[in-house]
Structure formats: structure tokens, C-alpha cells
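The values are calculated or read from the model by the stated rules, or taken from the named source; none is laboratory data. As the structure is a prediction and not an experimental result, all values here were calculated from the model. For neighbour counting, all protein chains shown are included, and Cβ atoms are generated from backbone atoms with ideal geometry for every residue, glycine included.
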Amino acid sequence: MKQKLTIRRTVCSIVAALLAAAAVWLLCRWVGYDLQLRVGDTQTFAILNDDYSQVIDVTGEGLTQSMPVSAGQTVCGVRLDFSTQGTPRQSGMLMVDLYDSTGTLRGQAAGDYLNIFDNLFTAFAFDSTYTPAQDETMTLHIYSVAAWDGPLGLWASTGTVDGMPLLVGDTDAGATLALQMMTDNAAQWPTTLANQLAPVLAAAAFAAVLLFGLQTPLALTVAVVGLACGLAFVQVTPALVAPDEYFHLAAAYELASRIGGQTPADEDGNLLVRECDAPHFGTRSGEIGILAYKNQEMARRNEAGGPDELTVASEAKAGQGSSGYLAQALGVRLARSLGQNFYTMLRTGRIFNLISYLALAALAVALAPAGVRGLLACVALLPMPLELAASFSPDTPVLGTIFCYTALCLRLRSKKAVWWEKLLLVALGGLVGPAKAIYLPVVLLCFIIPVENLDGGRGAVKGPFGLRVQNGWYIQGAVLVLASCLWISANLSELAYAARDMNHTMLAVGGVALAVLLVLALWLYAVTRGDAKKRRAFRWGLAVVVVLAAAGSVYALTHMGGGLNPDQLLMVKPNGDSLYTFSLGYVFRNLPATAKLLLRSIPEQGAFWLQGMLGTTLGEPIVYRIDVSWLLGIGLVLALLAAALPAQGEQPPLGRRTAWGTVAILFGVAAALLVVVLNWTPINYQTLFGMQGRYWLPVLPLALLLCKRSRCVALRRDASRGAALAVTACTLLTLLQGFSLYASWQQVS
């Protein structure tokens, strides 16, 4: 009976997966069809002659118009301004033929008279495009293939434009047609690109439903489904449009050069690149729209690569590479070694970054205790982390590392640590410190692990001041010290900049005093711990010292450093932004103004932060606001809540005191993030500048874990697998709508 049920489940799962894949395939085809109708006629034109002061009739022999074309300029068609003199044409066909300088036919276009209107430009797209290798003068032959009654003319200039004579039959008309050259057009590319996306999305839907039905490990689901969705993001996100991707590409490119033993920069600090890559390196986000999609895909297919020789200085600056770009740099290194072109190199670097993220995310899900795996899987499969992973963003190794560290700390709450888990805990904690400055408080998660789970059965040993110290405390201390030291080494300059208008000597003295007080408190605890009355007095004394120290610190910080004078407060840049941004000194001297800034920011930007965390705002939001339907955002929030709510009888993964400690960690991350964002915000701004929802992603699992302690709402059974499937469905729909919005951007604007 059990074998029959297993076979039935397998068959049903395969059928359901096939139906899901078919549905997604059909949805992709619909998106392609809809896009073809909406943006299939997208065209760009170059004006050759904008003077129209007379009408030249189209005779039986037709008109011949010369048209100069520059080398490398693609000719897709032309646009002509017609005059029917108020009499609409009933039937017939007008032809436009394109000939090169040797008289060879290079393209033909036909226009129905029914689509020709009086005093309006009409476009004629050639059946094939032509790009001359050198400057040449081409000719257009405009003629009718059927006789008609009444006049049909074209607007032209009075007088001939240089190099553009117009012939009526064999006679020079002494004029030049009002003419625009079509330099690009969408043609069938909306359908083509949607058809390319369909197999990847269908594979993601098939894998998600099949693995859900077969109840496979969630780590496998994250790896397989995440790979399929991530590869779709690689295709959907246009080149250099992911958050700050042009900057991250330059950093990864530099690191790839260093890995290859090459000199990455010239004497002026400009990044050296291959000759074939130089035109694509800049300091702004890439283009979007259907024509951008088309041109990037054609360049990926047809553009020549080149040898891995750094011969051209780009606009980008060197000195930005770090280990956070290792995976992307390895992809760039491989593509350059194979002589691939720029867009193939970009795609390879994206894929390497995606694989590194999925490896860490799958490891995190595998390490997590059973009650938390579904929650981590849902967060890992959100659109935002997958979009970041499918770009050059260095946030993905940070995400994966913090996910693994969080999962390991939760794992060791309920089991004794073996040797490799202890080493992994120290290594991951050390990596969290320098990964990104704002996530240092996450390192404190090691203290949610019961110290006896880290002891290894050795018991307590003699420590400072004669105290008996358990071995687990040394491991937790090693994590904290390693992370702190690496954090300071990586972020000391940024910390000094944040405190640029404060007295650094007083800050150093305060830090030393704090360290002395901690040592003194430890010594007093060792002295008083054996006497209940002394221990009570020690606690009351410690509380008084903490309150006085806090009050004194606030007073000192609010009166430390020089403030800005009235003239400095009025200094602004040409764009109207203040010359000065919020610093720690300015914040402490202006606490009410800072509080008002935050209170204004929450209602005005809160929804945007949520969208950025979930991934329902795609691309670089400061440049392009690609917002998908708010229904998808609601679906993602509900799915996350379903994975976070406890099942009946489930033991919460966090105790009460641990939950409060987790809240403190979240507040610590929020405070660090606020300091960083304030350093970007000019002092004359009314809301925060540069706050992105994706900065909350690494601590999102911690925030959702607090829901596991809910006593008001509980589910009958664990819904995390279904929630992961729902997140995947919303991610697929986000990809489809995002592709449609990217492609139709030029039409919307």
C-alpha cells in the first residue's frame, strides 16, 4: 500500500508539474503577443531633412532620392511626409526600394494607401537592414505599383540639400524630400525575447511543483528553483540596470585583472579594459526598453570579443575591488580568457554570482533546524535576493553568509556542537563583521547558543580573576573578537568620516574608559559573587553607573565638536543639495531635527522600502522605477507570514529572553543603517536619501522568527513548503511583469 501511494504521489506530482510548466509557457507566449502589439512598432529616426515647403507629386516613373549614410550606421527604413491634398486614397500600394552606391538592392518596403494620411509622416520599414562599412550615398526609389486617380505627393524643401538631390524620373527637381532615416525598430523582437524566456520560466515552475509534490529537502528546492529563477533574472534584467551594476562591474573587472596578474589601472587611476569592452564602461545605469533588449541581444550574438589585453583606459576608476566580488571576478576572468565579447562576459559574471549565492543559501537551509528551514527558503527565493544574485551585486555573498550564520546559531540552540560546527561558527562570525558595516550586531547571535552546547563536555575552567569560565564562552568570545577586529580594519575610515566633526581624542578616551569599566565590573563581580548581600549591592551600583554613564555620554556627545555657522548652513551645490550631509556630530547636536527627518521618511518612503525588500521594485530605483503590481507584494507578504506563523504544538525556536535579545540586534542594525544613510543625506533634505529596502534582507529571517512566538494565531500544520511554492509563483509573475515593464518603458515614458 505504501509503495502504491508513493507511485501515485510521484505520478500526480509529475502531472501537476507539467500542467504548471504549460501554464507558465502559455503565459509567456501571451506576454510576447501583448508586447508585440504594444511595442512592436517602436522605432527610432534620424532627421536628414526637416524642411518641407512644397509638394512633389509621385509620377508614374517614381522619385529617386539620394541619402548619405555614415559608416556603421544601420538603415532599417525611412519616414516620408505625404500630401494627398485632402483626397484619401482608396486602394493601391506604394513601394520604397533602397539601393547602395553600386546599385545593389539592399531593402524593400511597401505601404498601403489606406495607411497614408494627408500631411503626416508615414514609416516604411525595410525587409532587411543594411549597415555600410564606409560612408556612402544610397538612393531611395519611391514608386507606385498601381494606377490611381488624383494626386499623391511628398513634402520637400525648396532647394536642394547638399548631397541629397531629388530626381523626378530623370529630371532634377531642385528639391530634397522631407526625410527621416529609421535607425532602429523593434520588429519581431518582443515575441522573440518572450519565447527565449519561456523555457527558463517553465522549467522553474516544473521544478517547484515537482519538488513540492515529492516533499524533497528544501535545500534542494532552493538550489534548483533558485537557479532557474535566477537564470531568468539574468535574461530579464538589462545590462548594467541592476542596482549600481556599472560600479560593481568595474570592481569585479579590476579584481579579475589582479587575479590574472595584470595591471588594472593606468597612472591616473583609470581602469584599464580590453579594447572590445571600452565602449560599454561608463558611470551610469544602462538603457532599458525593447530596443535596448534587442540591441544587447544582437551584440551578445554578433559582437566580436578580443584578446585579454588591457589596452584602453575607461571612464571607471580603479581601486574598488574586494573579496566581495570574487565570484563575479572569476566569471569575468573565464570569459576574458576565452575571448568572449562584453555582453557574454557580463552574463558569465552574473551566473557565477548567482551560483555562489545559491550555494550559500542552500547551505543555510540545510543547516537550519527543521522548523526554520521553510522560512529561510521563502526568504532566499524572494525576487530581490535573486535579482541581486543575478547581477554583479556584492550584497549576495553578504546575504548568504548571514543566512548561514543565522541558521547555524539556531541549529546549535538544540544540539551539542561538533568540532566542524565550532570552526564554522567562528569563521562565519568573522566573515559577518567585515561583510558590511551595518550588520555587525548580527554577530551577537552566537550568544543565543546555550554555552553548554559549545563546551564539548569539558566543563568550566579557571579564567580571569579566579572565575570559573566554561569553554563555550571562549568560542563566543573568539567570534566576537574576530568579527570586531575585522570590522574595525574594514570600516575604520568610514567610521572616522561619520565622526568627522567630533573630538576624536575624547571619543578614544571614552572608549578606553568603557573598557576599564567593563574590566572593573568583571573584577567586582568575581569579588562579590560569593556573598548575596554584596552581589545585590553590586547590581544596584552597576545599574546606577550605567544610568550615569548613559546620561553623561548623551551630554558629552550633544556638546562635542563645532557646529556649522549660518553661512555654512546656506552653502548648496548647483543642484540645490546642501554642501554638508548629516554626521554623528550634527545628529547629536540636532536630535529634534533628526527625529523629524525620520518621522517624515517613514510614511513617505515606507512602502518603497517594503517593495525594495521583497523585490517588487526592480532595477536601479533611483534611475528607473519598475514597480510590479502591488498584488504580488501582498502575495509575498502573506506567503512569508504563512511560513513564519507557528503550527499547533510547535515549540518556538526562540525563548522569551532570546526574543528580546533578537529585537535588540534588529534595533542595532537599524541604528547602524540609519547612521550610514544619514551620512548620504544633505542637511537641507526633509526625508532620508538612499535608504533601500534590500538592506533589510539579511535580518528579515530574524524579524520573521519573532512571529514563531505568536500565541494569538497558529496554523493547524506547518505551511512552509506551500509558502515556498507561493513565493516561487509570485517570483515568476514578478519576472514576467518586470520583463513587460522593462520592454515597454519607452512607450510609457
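Just one of the listed residues (Q328, Q262) is out of contact with any Lys or Arg (no Cβ under 9 Å at 6 or more places or on another chain) and either more than 30 Å from S744 (Cα to Cα) or buried (at least 17 other Cβ atoms within 10 Å of the Cβ) (or both), namely Q262. From the list L334, L255, L346, the one residue that fits, being surrounded by fewer than 18 Cβ atoms within 10 Å (Cβ to Cβ) and at pLDDT 90 or above, is L334.
If you take just the helices (runs of 4 or more DSSP H) that sit entirely in region 655-749, which of them hold at least 1 residues that are in the same structural domain as Q611 (by TED's automatic domain parsing) and closer than 30 Å to P450 by Cβ?
656-678, 700-705, 720-743
Checked across region 268-288, the condition of being touching a residue at least 60 places away in the same chain (Cβ under 8 Å), buried (at least 20 other Cβ atoms within 10 Å of the Cβ), among the aliphatic types (A, V, I, L, M) and within 26 Å of A187 (Cβ to Cβ) holds for at least one residue. When V312 is tested against the conditions (1) over 20 Å from V241 (Cβ atoms); (2) in contact with a Gly (Cβ under 8 Å, 6 or more places away or on another chain); (3) buried (at least 17 other Cβ atoms within 10 Å of the Cβ); (4) of a type outside the set (D, E), the lone failure is (2).
Residues in region 574-609 that are of a type in the set (S, T, N, Q) and touching a residue at least 60 places away in the same chain (Cβ under 8 Å): S578, T581, S583, T594, S601, Q605. Screening G400 with (1) closer than 17 Å to Y695 by Cα; (2) out of contact with any Gly (no Cβ under 9 Å at 6 or more places or on another chain); (3) at pLDDT below 90 gives one miss only, at (3).
If I622 satisfies all but one of (1) buried (at least 17 other Cβ atoms within 10 Å of the Cβ); (2) in a loop (DSSP other than H, G, I, E, B), what's the number of the condition it fails? That leaves (1) as the condition not met.
Within region 169-187, being out of contact with any helix residue (DSSP H, G or I) (no Cβ under 7 Å at 6 or more places or on another chain) and at pLDDT below 90 holds for G169, D170, T171, D172, A173, G174, T183, N185, A187. Of all residues in region 467-526, those satisfying the criterion of being hydrophobic (A, V, I, L, M, F, W, C) and part of a loop (DSSP other than H, G, I, E, B) are L467, A499, M502.
Yes/no matrix, rows are residues, columns are (1) under 25 Å from V442 (Cα atoms); (2) surrounded by 11 or more Cβ atoms within 10 Å (Cβ to Cβ):
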site	(1), (2)
V479	yes, yes
E494	yes, yes
R500	no, yes
L507	yes, yes
A515	yes, no
L520	no, yes
W523	no, yes
T528	no, yes
F538	no, yes
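Entry remark, region 534-554: residues being at pLDDT 80 or above and either in contact with a Cys (Cβ under 6 Å, 6 or more places away or on another chain) or of a type in the set (K, R) (or both) number 2 in total. G371 falls short on exactly one of the conditions (1) farther than 21 Å from L636 by Cα; (2) in contact (Cβ under 8 Å) with a residue 60 or more places away in the chain; (3) surrounded by fewer than 24 Cβ atoms within 10 Å (Cβ to Cβ), and that condition is (1).
Among the conditions (1) closer than 30 Å to L715 by Cβ; (2) surrounded by fewer than 16 Cβ atoms within 10 Å (Cβ to Cβ); (3) within 28 Å of the chain's Cα centre (by Cα), L599 misses just one, which is (1). Just the residues that are more than 29 Å from A204 (Cα to Cα), crowded, with 24+ Cβ neighbours inside 10 Å and not hydrophobic (A, V, I, L, M, F, W, C), please, taken from region 375-433. Correct list: G429, G433. None of L706, L715, L735, L741 is buried (at least 16 other Cβ atoms within 10 Å of the Cβ) and either under 17 Å from V637 (Cβ atoms) or of a type in the set (S, T, Y) (or both) except L706. In contact with a strand residue (DSSP E or B) (Cβ under 8 Å, 6 or more places away or on another chain) and in contact (Cβ under 8 Å) with a residue 12 or more places away in the chain: does that describe P383? Taking the combined requirement at face value, the residue satisfies it. Candidates are the residues of region 83-120 that are modelled with pLDDT of 85 or more and in contact with an Asp or Glu (Cβ under 8 Å, 6 or more places away or on another chain); the one that is surrounded by the most Cβ atoms within 10 Å (Cβ to Cβ) is G107. In this structure, does T237 turn out to be at pLDDT 90 or above and buried (at least 18 other Cβ atoms within 10 Å of the Cβ)? Yes.
For (1) within 26 Å of G612 (Cα to Cα); (2) touching a strand residue (DSSP E or B) at 6+ places or on another chain (Cβ under 6 Å); (3) in a helix (DSSP H, G or I), each residue gets a yes or a no:
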| site | (1), (2), (3) |
| --- | --- |
| L220 | no, no, yes |
| Q235 | yes, no, yes |
| C276 | no, no, no |
| G282 | yes, yes, no |
| A292 | yes, no, yes |
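Considering only residues in region 161-174 that are under 14 Å from D51 (Cβ atoms) and touching an Asp or Glu at 6+ places or on another chain (Cβ under 8 Å), the one that is surrounded by the most Cβ atoms within 10 Å (Cβ to Cβ) turns out to be L166. In region 433-450, what residues are touching a Phe, Trp or Tyr at 6+ places or on another chain (Cβ under 6 Å) and modelled with pLDDT under 90? Across region 433-450, the qualifying residues are G433, P434.
Are any of the residues in region 630-651 under 26 Å from R373 (Cβ atoms), in contact with a strand residue (DSSP E or B) (Cβ under 6 Å, 6 or more places away or on another chain) and either in contact (Cβ under 8 Å) with a residue 24 or more places away in the chain or among the hydrophobic types (A, V, I, L, M, F, W, C) (or both)? Checked against the condition, which is being under 26 Å from R373 (Cβ atoms), in contact with a strand residue (DSSP E or B) (Cβ under 6 Å, 6 or more places away or on another chain) and either in contact (Cβ under 8 Å) with a residue 24 or more places away in the chain or among the hydrophobic types (A, V, I, L, M, F, W, C) (or both), region 630-651 yields at least one hit. For region 695-721, a residue qualifies if it is touching a strand residue (DSSP E or B) at 6+ places or on another chain (Cβ under 8 Å) and among the aliphatic types (A, V, I, L, M), and the qualifying residues are A714, L715, A719.
In region 245-272, how many residues are of a type in the set (V, I, T) and either in contact with an Asp or Glu (Cβ under 8 Å, 6 or more places away or on another chain) or in a helix (DSSP H, G or I) (or both)? Total meeting the criteria: 1.
Checking A664, A643, A647 one by one, the residue that is closer than 16 Å to L444 by Cβ and of a type in the set (G, A, S) is A664 and no other. The set of residues in region 385-415 that are small (G, A, S) and in a helix (DSSP H, G or I) comprises A389, G400, A407. Just one of the numbered conditions (1) among the hydroxyl-bearing types (S, T, Y); (2) in contact with a His (Cβ under 6 Å, 6 or more places away or on another chain); (3) over 21 Å from T122 (Cβ atoms) is not true of Y33: (2).
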